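Below is one structure, written out as structure tokens, with a few remarks after it.
We did not get these values from a lab; they are worked out from the coordinates using the rules stated. As the structure is a computational prediction, the values presented were derived from the model and not from experiment. Here the Cβ positions follow ideal geometry from the backbone for every residue, glycine too, while neighbour counts run over all protein chains shown.
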Amino acid sequence: MADPRLCAVTGSFSYTGKYITRRLLADGHRVRTLTGHPNRPNEFGARVEARPLDFERPHELAASLDDVDVLFNTYWIRFERGGQTFAGAVANTRALIAAAERAGVRRLVHVSIANATSAPHLPYYAGKAALEESVKASAMSHAIIRPTVIFGDEDILINNITWILRHFPLFGAPGGGNYRMRPIFVEDMAELAVSLAERDDNVTVDAVGPETLTFGEWLKLLATNVESRTRIVHLPPTLALWASRAIGLVMRDVVLTSDEVKGLMEDLLVTDGPPTGETRLTEWLREHRDQVGKRYASEVARHFD
Ligand SMILES: NC(=O)c1ccc[n+]([C@@H]2O[C@H](COP(=O)([O-])OP(=O)(O)OC[C@H]3O[C@@H](n4cnc5c(N)ncnc54)[C@H](OP(=O)(O)O)[C@@H]3O)[C@@H](O)[C@H]2O)c1
């Protein structure tokens, strides 16, 4: 965006929203974040104003979006827990969209997921598919971004799989491991989001990196990078999910969800178009081998406690 603008970002103190915020500030824009964690330690200090992401107060939400040119929406829940449901997250996002419309926001940059589908056996994906329709029906111009898997320092999934490879003698991979993934680097994802903000046309863009790996290749890559001697065994998906639940019980977290396993095995973490990010997971892992998976990253601690 050529001129400095006021942008709203959900989750500036969390993962993807943090990188979008960094990028916007570097380009000279002002950022207001909507967050459930206004006091979370963050690198931005007074440069980012925090307002509550409180879906129960639609008028306050709209007031927080006053004068905002672009809303970057990253809000979603990874799994249902403690009364939070995918249906509730859909309703919450619709309340946010309505608040943005009421406030006169020009453009919505909305983060969805690659291959969002209304298939009922994939509630995460079905919620995302329903929201894509809500975004398309909104009065704002919009960009829908569809990432596969996002990797970076604060990533949970790749980090925790590597953590298991560092600490356990066996790793139970669901199925044969031949399904593919095409991850995108979080900074490339932020770059894509910011570049889509300045446009006025309605677009849907996959956020995919330059490398496609099978899950089996990816596990070997992670294991090699951290010099893991863990034996990778292939299990029926339900058994692999139960093994991850056992670890989750000990860590008080959800390590892997049923949607994630099914999405992976149904090849939903890959798309065929050109790459929209340029950073290669293989190179990034080589550079970050000393940090990845050193500590367990808990989704529950980050978002539900
Ligand atoms: N991470 C991936 O690999 C991946 C892959 C495909 C698609 N996506 C999509 O990309 C977007 C950003 O993902 P991310 O991993 O970067 O998320 P994130 O930064 O951890 O969270 C994004 C936003 O959602 C809010 N949020 C997350 N879980 C919540 C919960 N249980 N209750 C209330 N608020 C919650 C956060 O609130 P706070 O501000 O309070 O932290 C934050 O505002 C999401 O829409 C996700 O579906 C992510």
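Brief remarks follow.
- Among ALA100, ALA193, ALA126, the largest mean-square fluctuation in a Gaussian network model of the chain, built with springs joining Cα atoms closer than 10 Å, belongs to ALA126.
- When LEU221, LEU196 are sorted by how many other C-beta atoms sit within 10 angstrom of their C-beta, beginning with the fewest, the order is LEU221, LEU196.
- Distance from the stretch 1-46 to the stretch 226-305 (C-alpha centre basis), Å: 27 Å
- What the phi angles of the stretch 286-303 give under the Karplus curve with 6.51, -1.76 and 1.60, with θ = phi - 60°, is a coupling list of 4, 6, 10, 4, 6, 9, 4, x, 5, 10, 5, 10, 9, 5, 5, 5, 6, 10 Hz, glycine and proline written as x.
- Karplus-derived 3J(HN,Hα), 6.51/-1.76/1.60, for each residue of the stretch 81-86, Hz, glycine and proline x: 5, x, x, 7, 10, 5
- Proximity of backbone amide H atoms, modeled 1.01 Å from N, is registered between HIS142 and LEU108, ASN202, VAL203 at under 5 Å, excluding neighbours fewer than 5 places apart on the same chain.
- Mean residue ellipticity (222 nm) of the chain, computed from DSSP H runs ≥ 4 via -39,500 (n - 2.57), nearest 500: -12000 deg cm²/dmol
- Here the dipole of the stretch 155-305 is about 1080 debye; that uses its Cα centre as origin and unit charges on the Cβ of Lys and Arg (positive) and Asp and Glu (negative).
- Coarse-grained scattering of the chain at q = 0.08, 0.09, 0.11 Å⁻¹, given as base-10 log I(q)/I(0) from a Debye sum over alpha-carbon atoms: -0.34, -0.44, -0.66
- Across the stretch 141-147, computed HN-Hα scalar couplings (Karplus, 6.51 cos²θ - 1.76 cosθ + 1.60, θ = phi - 60°) run 6, 8, 10, 9, 10, 10, x Hz from first to last residue, x flagging Gly and Pro.
- Relative contact order %, the chain, counting alpha carbon pairs below 8 Å whose residues are six or more apart: 18 percent
- Exposure proxy shown here: for LYS128, LYS262, the number of other Cβ atoms within 10 Å sets the order, fewest to most, as LYS262, LYS128.
- Of the residues THR271, THR238, THR21, THR148, the one with the fewest other Cβ atoms within 10 Å heads the list, and the complete ranking is THR238, THR271, THR148, THR21.
- Share, in percent, of DSSP beta bridges within the chain that are antiparallel, nearest 5: 10 percent
- Cut-off under 5 Å, modelled amide H: who pairs with VAL31 long-range: CYS7, GLU49
- Near ALA129, once Lys and Arg are set to +1 and Asp and Glu to -1 for all other residues with Cβ below 13 Å from its Cβ, the sum equals 0.
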